[in-house]
Amino acid sequence: MSSPAQTFTASSRSVQAQARDAGAMARRSVQITAQLLKYTLAPALFVLTWEMLPRLGIVNPVFFPPFSRVAQAGWHLTVTGVLPRNACASIMRAVTGLCLATVIAVPLGMLISASRTVSDMLSPLLEAFRNTAPLALLPVITLVLGIGEVSKVTMVVYAAFWPILLNTISGVRGVDPVIIKAGRAMGLSPANLLLRITLPATLPTIFTGVRLALAATFLVLIAAEMVGARAGLGYYLNVAQANFQIPEMYAGILALSGLGLLSNGLLFWAGVRLRIVQWRNVK
Amino acid sequence: MSDIVFQSVCKIFPAVPARKGERDYTVLHDVSLNIRAGEFMCLVGPSGCGKSTLLDLMAGLDFPTDGTILIDGEPIKGPAASRSVVFQQYALMPWLSALQNVEFALEAAGVPRNRRRERALAYLRLVGLSDFAHRRPDQLSGGMKQRVAIARSLSVEPRVLLMDEPFGALDAQTREGLQDELLRLWHQSRQTIVFITHDIDEALYLGQRVAIMTRNPGHIAEIIDVPFSARRMETNVRRLPEFSALRHQIWRKLKPDALPPGTYH
Ligand SMILES: Nc1ncnc2c1ncn2[C@@H]1O[C@H](COP(=O)(O)OP(=O)(O)OP(=O)(O)O)[C@@H](O)[C@H]1O
Ligand SMILES: [Mg+2]
């Protein structure tokens, strides 16, 4: 007699639970939609404006073709391999230059900051170099190294080198002296102190330097490719403009900003994966 | 199992030339002290009297301006793995988990790789942090960080353990638990322990002797034998009349620097 009653209450409870689950799911999907809306609204409005202004004749469609024309051109350039080929050329130079700059700047920065006297002595020079816009050196480098790969990569190395070097130096200075002291108390040798304590403690600051360097890399690379090159996104932008392929030119610009976004995201993701940066700390 | 002998040690921090009007600062003046091998010595003194400086000298992290410090008859040449320090500011590596922090010290002390993990976990368990072994320092409370630092120093099983206010950031219960744990370990290993504290009760509870420091300049004012230290395990020595008498004696010696007995900060 008690058994059916129990079954009844049990099943009614499970119905309630299901209803609660369904409610939670509905609320959850509303939340996700709201999030999605929050982040896509501004870009969507931007694209819409871009599409409408030339169509309504508010801006000249010859110089500002609507977004759909640009997208079309972009798609065509992608399937014909023009954009991928040029993007690859730029990426190769950027990656080579950035890696070289990191490999040179980090050890050098550690070395310079190992001695207060050396870093003080070098600091006026470092300041002067840092405040010399890398693009100012473009004519010099083109003069000496021509317009080949070496000259492009050299420009990138130069531009990327300074943020990494300066961040390494200030990172080393910012290391909490008490953890160095702890390392010394454990009997670590000077080399081990540098490799096992100073370097890992400095990594987050170095990482910030590399992200700054990435921005500088693209800036300088595109300019260098515009001055003279046979491939690369900067080169392509110039060619498109000279041939009056306006939608293609905008497609190239979009490809560039996409590349910037992607590389920055990739670098950040790598930093999180390597536990150099933490989500919480950055946000 | 090492004795530490201070022979008229002075420590002067020279003035920074760039700062006008600053004079050389004498932190320690004529400190003579004999810490016996296997002894549990507590050091009490007001803030700024040079306790941490004294500890740095024993650790070999800094050197006296004058006088000598001998360990087992030899002058200290520098840091050694056989002397381990618990720093007042914890000094944990922020990019390593609690477990990795302890393992780091074990590696530095030359403990083979295959024995580090187990030993590190054992000492984290000892300080009650088994469940937090994989947290990084920024995910730990102040008291937890302090316990990781204690586990790290204990784990290398040094002959001399130098502890700078190691229980300062702990609540009363955890503190008393760790005090007893430290005493138990010391009874087993008979390491030489130098233990710095602000807390007179703690010094009397732990130490066989209590060295009282006064400041300006830092100086050992008196060394007190704790008569009931051998009876700690069987009786609650904190209740003994001698305990309060000694506490009062030390407090008067520290006056006007110290807080009245029984007052914590
Ligand atoms: N590197 C240094 N240069 C100059 N003065 C120093 C240096 N280190 C410590 N001092 C000074 O020496 C004095 C003693 O410092 P110390 O850290 O040894 O004190 P303490 O007794 O450990 O104090 P607390 O109980 O607050 O930790 C302080 O007045 C401090 O300003
Ligand atoms: Mg101190």
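The values are calculated or read from the model by the stated rules, or taken from the named source; none is laboratory data. Fair warning: this is a prediction, and the values are worked out from it, not measured in the lab. All Cβ positions, glycine included, derive from the backbone under ideal geometry; neighbour counts span all protein chains shown. For the accessible areas, the whole protein counts, side chains as well, though only heavy atoms, and no ligand, DNA or RNA atoms are used. Shrake-Rupley method; radii C 1.70, N 1.55, O 1.52, S 1.80 Å.
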(request) Restricting attention to strands (runs of 3 or more DSSP E) lying wholly within segment B:3-73, give those where 1 or more residues are within 16 Å of ligand 2 (Cβ to nearest atom). (result) B:4-13, B:25-35, B:40-44
(request) Confirm whether residue B:79 is touching a Ser or Thr at 6+ places or on another chain (Cβ under 6 Å) and at pLDDT below 95. (result) no
(request) Give the residue, chosen from B:27, B:16, B:85, B:31, that is within 16 Å of ligand 1 (Cβ to nearest atom), in contact with a Ser or Thr (Cβ under 6 Å, 6 or more places away or on another chain) and either at pLDDT 90 or above or on the phi < 0 side of the Ramachandran plot (or both). (result) B:27
(request) Return the total of residues in segment A:182-206 being among the small types (Gly, Ala, Ser) and more than 8 Å from every other protein chain (Cβ to nearest Cβ). (result) 2
(request) Being aliphatic (A, V, I, L, M), more than 13 Å from ligand 2 (Cβ to nearest atom) and closer than 24 Å to residue A:202 by Cα is the filter; apply it to segment B:74-104 and report the residue that is surrounded by the most Cβ atoms within 10 Å (Cβ to Cβ). (result) B:102
(request) Would you please name the residue that is nearest to the chain's Cα centre (by Cα), looking only at residues in segment B:14-64 that are more than 24 Å from residue B:77 (Cα to Cα) and of a type in the set (D, E, K, R)? (result) B:24
(message) I need the full set of residues from segment B:186-233 which are of a type in the set (A, V, I, L, M), surrounded by fewer than 18 Cβ atoms within 10 Å (Cβ to Cβ) and modelled with pLDDT under 90, in order please.
(response) B:221, B:230, B:233
(request) Please specify each residue of segment B:48-62 satisfying the condition of being more than 13 Å from chain A (Cβ to nearest Cβ) and either touching a Gly at 6+ places or on another chain (Cβ under 8 Å) or away from ligand 1 (no atom under 11 Å from the Cβ) (or both). (result) B:49, B:50, B:51, B:54
(request) Check residue A:206 against each of (1) open to solvent by less than 20 Å² (accessible area, probe 1.4 Å); (2) farther than 22 Å from residue A:261 by Cα and name the one condition it does not meet. (result) (2)
(message) Among the listed residues A:177, A:139, A:124, identify the single one that is over 15 Å from residue A:100 (Cβ atoms), open to solvent by 30 Å² or more (accessible area, probe 1.4 Å) and within 14 Å of another protein chain (Cβ to nearest Cβ).
(response) A:177
(message) The conditions are (1) away from ligand 1 (no atom under 16 Å from the Cβ); (2) within 14 Å of another protein chain (Cβ to nearest Cβ); (3) in contact with a Leu (Cβ under 6 Å, 6 or more places away or on another chain); (4) within 30 Å of residue B:2 (Cα to Cα), and residue B:158 fails exactly one of them. Which is it?
(response) (3)
(request) Working only within segment B:79-89, note down all residues that are at the interface with chain A (Cβ under 8 Å from one of its Cβ atoms) and either in a helix (DSSP H, G or I) or in contact (Cβ under 8 Å) with a residue 12 or more places away in the chain (or both). (result) B:79, B:80, B:81, B:83, B:84, B:85, B:87
(message) Tell me the residue from B:150, B:193 that is outside the structural domain of residue B:89 (by TED's automatic domain parsing), away from ligand 1 (no atom under 16 Å from the Cβ) and touching a residue at least 40 places away in the same chain (Cβ under 8 Å), please.
(response) B:193
(message) Kindly evaluate residue B:172 against the criterion of being more than 16 Å from ligand 2 (Cβ to nearest atom), under 27 Å from residue B:140 (Cα atoms) and either of a type outside the set (D, E, K, R) or open to solvent by less than 10 Å² (accessible area, probe 1.4 Å) (or both).
(response) yes
(request) Check every one of the helices (runs of 4 or more DSSP H) wholly within segment A:39-158 and list those with 3 or more residues that are within 27 Å of the chain's Cα centre (by Cα) and more than 30 Å from residue A:195 (Cα to Cα). (result) A:67-79, A:82-114, A:138-145
(request) May I ask you to verify whether residue B:236 is on the phi > 0 side of the Ramachandran plot and open to solvent by 30 Å² or more (accessible area, probe 1.4 Å)? (result) no
(message) Return the pair list, or none, for Cβ contacts closer than 8 Å from residues in segment A:254-271 that are farther than 26 Å from residue A:68 by Cα and assigned by TED's automatic domain parsing to the domain that holds residue A:72 to residues that are assigned to a helix (DSSP H, G or I) and open to solvent by less than 30 Å² (accessible area, probe 1.4 Å), at least 6 apart or on different chains.
(response) A:264/A:214; A:267/A:210; A:267/A:214; A:271/A:207
